[in-house]
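Encoded as structure tokens, the structure appears first; notes follow it.
The values are calculated or read from the model by the stated rules, or taken from the named source; none is laboratory data. What you see is a predicted model; the values in this text were computed from it and never measured. Positions of Cβ are backbone-derived with ideal geometry, glycine not excepted, and every protein chain shown enters the neighbour counts.
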């Protein structure tokens, strides 16, 4: 018996840049914007995302698409450990592939039928960290398998489903404006009173809003936003620590390094030595 296949495949223009996972109970990222697209899969716990100021909760078994060059912020639930798997990528074929997965500009969250299968694929990518041509081929295959699995097994969440699940986006105009102000003034010291004045509200009310909607304080939010922006620069640019400090609104590299270590757990130089590889395929956080 003879069996054969004749099928000239069409390769989409989509390229893997990084893959990773994180297991944490308290994490805040952003606000920032990246020059690449991302998919985040939640396999445990719950996370909260703001895409250009619009709030989207993501539960275990769901995946969210984060578009490039868009102001983003996300944080875990702060009440339980969350596990997140992610891939980042670029390419002209991204809009078509994401639409086939079920994502749309008005519905960036999808239900995933086989989250563990997807998580296993990301884990396999992480283990292909050695830079060889054969690993490049393996990574490409694993990434394509992940996308194919999403297309075949995922489903978009309709507004009716979101309403039935009591998951309607909870947003607040002041929080949105505060995040936009912080993002636009990352190179300044950003005192809480300054942010409150820009929003024409009291400092006390700003505190109350951050506690209610983000479960954190404005000071901690700003500090983490600056720290995670600094992580991007440390990993992906040759900027000096002094230049990064100034770009993050710190008066000195010492003050910046102290704040960075308090948030990240190591000094900027240690972080750069451990994680920097601007052309790397794997990001660890």
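At-a-glance table
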quantity: Checking residue 91 against (1) farther than 21 Å from residue 22 by Cβ; (2) touching a strand residue (DSSP E or B) at 6+ places or on another chain (Cβ under 6 Å); (3) free of Cβ contacts under 8 Å to residues at least 60 places away in the same chain, the condition it does not meet; calculated: (3)
quantity: Which listed residue, of 15, 26, 90, is modelled with pLDDT under 90, on the phi < 0 side of the Ramachandran plot and more than 14 Å from the chain's Cα centre (by Cα); calculated: 26
quantity: Out of 206, 214, sole residue that is touching a residue at least 12 places away in the same chain (Cβ under 8 Å) and either in contact with a strand residue (DSSP E or B) (Cβ under 8 Å, 6 or more places away or on another chain) or loosely packed, with under 14 Cβ neighbours inside 10 Å (or both); calculated: 214
quantity: Any chance residue 68 is surrounded by fewer than 19 Cβ atoms within 10 Å (Cβ to Cβ) and within 17 Å of residue 122 (Cα to Cα); calculated: no
quantity: Checklist (1) surrounded by fewer than 20 Cβ atoms within 10 Å (Cβ to Cβ); (2) farther than 27 Å from residue 233 by Cα; (3) touching a helix residue (DSSP H, G or I) at 6+ places or on another chain (Cβ under 9 Å) applied to residue 96, failing item; calculated: (3)
quantity: From 130, 116, 62, residue being without any contact (Cβ under 8 Å) to a residue 24 or more places away in the chain and in the same structural domain as residue 34 (by TED's automatic domain parsing); calculated: 130
quantity: Residues located in the range 178-202, provided they are part of a helix (DSSP H, G or I), loosely packed, with under 15 Cβ neighbours inside 10 Å and in contact with a helix residue (DSSP H, G or I) (Cβ under 7 Å, 6 or more places away or on another chain); calculated: 193
quantity: Of all residues in the range 256-271 being modelled with pLDDT of 90 or more and touching a helix residue (DSSP H, G or I) at 6+ places or on another chain (Cβ under 7 Å), the one that is surrounded by the fewest Cβ atoms within 10 Å (Cβ to Cβ); calculated: 269
